[in-house]
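Note sheet for the following structure.
The values are calculated or read from the model by the stated rules, or taken from the named source; none is laboratory data. Remember, predicted model here, so these are calculated numbers, not experimental data. Here the Cβ positions follow ideal geometry from the backbone for every residue, glycine too, while neighbour counts run over all protein chains shown.
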Amino acid sequence: MPAFGNSSRSHTASLDLAPDTSAPRWTHRNDTDPWYDTFPWWGVIVAVVLVVLGLLVAFNEGYNIAFDRIIPGLWLTVKATVYSFVISCVIGMVIALARTSQNVVARNLARSYVELIRGIPILVLIFTIALVIVPSVSDALGQPNRVPQEWRAIIALSLIYAGYIAEIFRAGIQSVDRGQIEAGRSLGLSRRETTRSIVLPQAIRAVVPPLGNDFIAILKDTSLLSVLGVLELTQRGRQYASGSFKFRDSYLALTFIYLTLTVVLSLLLGVVERRLSQDRKGAR
Amino acid sequence: MLPLIEVTNLHKTFGKDIHAVRGVDIEIAPGEVVVIVGPSGSGKSTVLRCLNMLEIPTEGAIRIDGEYVTAPDANLDRMRAETGMVFQQFNLFPHLTVLDNITLAQRKVRKRSKEEAEVEAMRQLTRVGIPEKAGSYPRQLSGGQQQRVAIARSLAMGPKVMLFDEPTSALDPEMVKEVLDVMLELAKAGMTMVVVTHEMGFARAAADRVVFIDEGVFVEMGTPDQIFDHPREARTKAFFDKILQH
């Protein structure tokens, strides 16, 4: 499977709990290898960190209070993640189709969008979109200041990730063999019908793993929305910390919550990926 | 009889330097089986791919069933539905079952109902000898079976002509025969076929006419016996001497 062009985005790298294929190529693994050579020690370490933090949150009163103060932000974190992911998938698909289309104008507009988004730090984009672009647009529409802060945050994250996800879809579309398109066209299917019935279904299968990674990346990047003052997890953590000066309790509880979410999502993604690759091997 | 396919002065260049096809003319009658042979890089696949406009010719005219497919306003989708194409790499749709592979274009292009399309699909699958694979996915089939499904997929559209682009070149040796047998049956049934292949045995058995192409031009054409056994041109003779020696 080709890498889907997100290697340059270190901020989106998520825990990889999928089967480990990163072993050095020159080590030939077989039954004679000692078990401790292949055992996923890193997983144990992550699990230990998680359990220790979990125990602290469960039994230490300080952490317990911090957790209780922060956890109401979970709802907004999840909401922002899911909405942003869905919206950016829709916009990203449109941009990817434009980027791979025959139309010069569409292709170049799509490319500029992607390059602009990728050329600006996420934090800067969040400020710019939420505090400049969204207000100007709503002004221009004759509805000044009608967009609540929460939605400005979601719109910002959606527009940012639309650029990243567009690249994933583009790579997926271009990973479909040329022969597939030729076969479709040679049967008399139109370009549009070929894209719809033949290219996209295959492209979408190919991009499930990188899309899953970006879902987790969005979840983590919702913490950046705290700069807008919306009461998601990180903002609640910051508020509690600055009010109580209990930085350790606040930020370790916050760490525990995020790590739990990303580990669970990574595990789920690993299951989905394994199922997809079994599909490809024909174990239906 | 009016020719089904009429090619006049066909040229195809790729970029500035590669002149793959340099002025090819041929008329193919309905029911005729034409086999194109030639060394690799001679332009034989390019000629075939021009016939259904997968490659757009640089110059020249192609008429299929009386219509100029090279005209700027030609309806290529309609023309391609009448022109079946079988590829070297099969190009089955991996996300669809065998049955859905064969019904997709019937339903979208021919506007047949699901039931109609499935009946036709099963008829063609039976014809190529693997009706029991209807519910399988392409990856569960052998190469020979996949290619037979690809043939069935094209046949289900009811094409006027079938184009074969090295249909057995990607197959393991033991699967070549099952595909050639299907093609031979098809030829006997009167299908118009244009076949690019290295299978000289098939050419002898099925071809009405063999065309030898080299460096983008048709060097000579004639009956299989004439081309294989009594070639007029030195280039043709040299080619067959090379490949038939063993």
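Observations on the model:
- Taken over segment B:230-246, the criterion of being at pLDDT 90 or above and loosely packed, with under 11 Cβ neighbours inside 10 Å is satisfied by B:Ala234 alone.
- Considering residues of segment B:109-127 that are assigned to a loop (DSSP other than H, G, I, E, B) and not β-branched (Val, Ile, Thr) only, the residue farthest from the chain's Cα centre (by Cα): B:Ser113
- Index of the failed condition, A:Ile173 passing every other in (1) more than 30 Å from B:Ala81 (Cα to Cα); (2) in contact (Cβ under 8 Å) with a residue 40 or more places away in the chain: (1)
- Count of residues meeting criterion [away from every other protein chain (no Cβ under 14 Å) and among the hydrophobic types (A, V, I, L, M, F, W, C)] in segment B:59-84: 3
- Identification of strands (runs of 3 or more DSSP E) wholly contained in segment B:1-108 with 1 or more residues that are more than 23 Å from B:Met157 (Cα to Cα) yields B:5-14, B:18-28, B:33-37, B:59-64.
- Residues in segment B:128-138 that are under 21 Å from A:Thr194 (Cβ atoms) and over 23 Å from the mean Cα position of the chain (by Cα): B:Tyr137 only.
- Qualifying residue in segment A:5-12 (condition: among the charged types (D, E, K, R), surrounded by fewer than 14 Cβ atoms within 10 Å (Cβ to Cβ) and modelled with pLDDT under 95): no
- Residues considered: A:Asp221, A:Asp214. Of these, the only one that is acidic (Asp, Glu) and either touching a Leu at 6+ places or on another chain (Cβ under 9 Å) or not in a helix (DSSP H, G or I) (or both) is A:Asp221.
- Within segment B:168-246, strands (runs of 3 or more DSSP E) holding 1 or more residues that are without any contact (Cβ under 8 Å) to a residue 24 or more places away in the chain and over 19 Å from B:Val149 (Cα atoms): B:217-222
- Near pairs, Cβ below 7 angstrom, 6+ apart or cross-chain, from segment A:246-267 (touching a residue at least 40 places away in the same chain (Cβ under 8 Å) and under 17 Å from A:Leu56 (Cβ atoms)) to any residue that is of a type in the set (S, T, N, Q) and assigned to a helix (DSSP H, G or I): A:Leu254/A:Thr234
- Candidates B:Arg153, B:Arg148 - the one that is more than 10 Å from chain A (Cβ to nearest Cβ), among the charged types (D, E, K, R), within 23 Å of B:Arg80 (Cα to Cα) and part of a helix (DSSP H, G or I): B:Arg148
- Annotation: A:Thr234 fulfils all but one of (1) more than 20 Å from A:Leu76 (Cα to Cα); (2) surrounded by 18 or more Cβ atoms within 10 Å (Cβ to Cβ); the unmet one is (1).
- Verdict on B:Asp214 being crowded, with 17+ Cβ neighbours inside 10 Å, of a type in the set (Asp, Glu) and modelled with pLDDT of 90 or more: yes
- Test: residue in segment B:97-110 that is within 13 Å of chain A (Cβ to nearest Cβ), of a type outside the set (A, V, I, L, M, F, W, C) and farther than 26 Å from A:Ile204 by Cα: yes
- Flag if A:Ser266 is small (Gly, Ala, Ser), under 30 Å from B:Val86 (Cα atoms) and surrounded by fewer than 21 Cβ atoms within 10 Å (Cβ to Cβ): no
- For segment A:169-183, the candidate set comprises residues that are out of contact with any Lys or Arg (no Cβ under 9 Å at 6 or more places or on another chain) and charged (D, E, K, R); within that set, the residue that is surrounded by the most Cβ atoms within 10 Å (Cβ to Cβ) is A:Asp177.
- Verdict on B:Gln124 being of a type outside the set (Phe, Trp, Tyr), within 14 Å of another protein chain (Cβ to nearest Cβ), over 18 Å from A:Ile198 (Cβ atoms) and in contact (Cβ under 8 Å) with a residue 12 or more places away in the chain: yes
- Residues of segment B:36-58 satisfying the condition of being within 14 Å of chain A (Cβ to nearest Cβ) and surrounded by fewer than 15 Cβ atoms within 10 Å (Cβ to Cβ): B:Ile56
- Output for segment A:192-232, where each listed residue is under 30 Å from B:Val86 (Cα atoms) and without any contact (Cβ under 8 Å) to a residue 40 or more places away in the chain: A:Arg192, A:Glu193, A:Thr194, A:Arg196, A:Ser197, A:Ile198, A:Val199, A:Leu200, A:Pro201, A:Gln202, A:Ala203, A:Ile204
- Yes/no for A:Arg185 being closer than 30 Å to B:Glu55 by Cβ, out of contact with any strand residue (DSSP E or B) (no Cβ under 7 Å at 6 or more places or on another chain) and either in contact (Cβ under 8 Å) with a residue 12 or more places away in the chain or among the hydroxyl-bearing types (Ser, Thr, Tyr) (or both): no
- Evaluation of A:Lys246 against (1) within 20 Å of the chain's Cα centre (by Cα); (2) more than 14 Å from chain B (Cβ to nearest Cβ) (one fails), failing number: (1)
- Within segment A:184-198, if we keep just the residues that are out of contact with any Gly (no Cβ under 8 Å at 6 or more places or on another chain) and more than 7 Å from chain B (Cβ to nearest Cβ), the residue that is surrounded by the fewest Cβ atoms within 10 Å (Cβ to Cβ) turns out to be A:Arg192.
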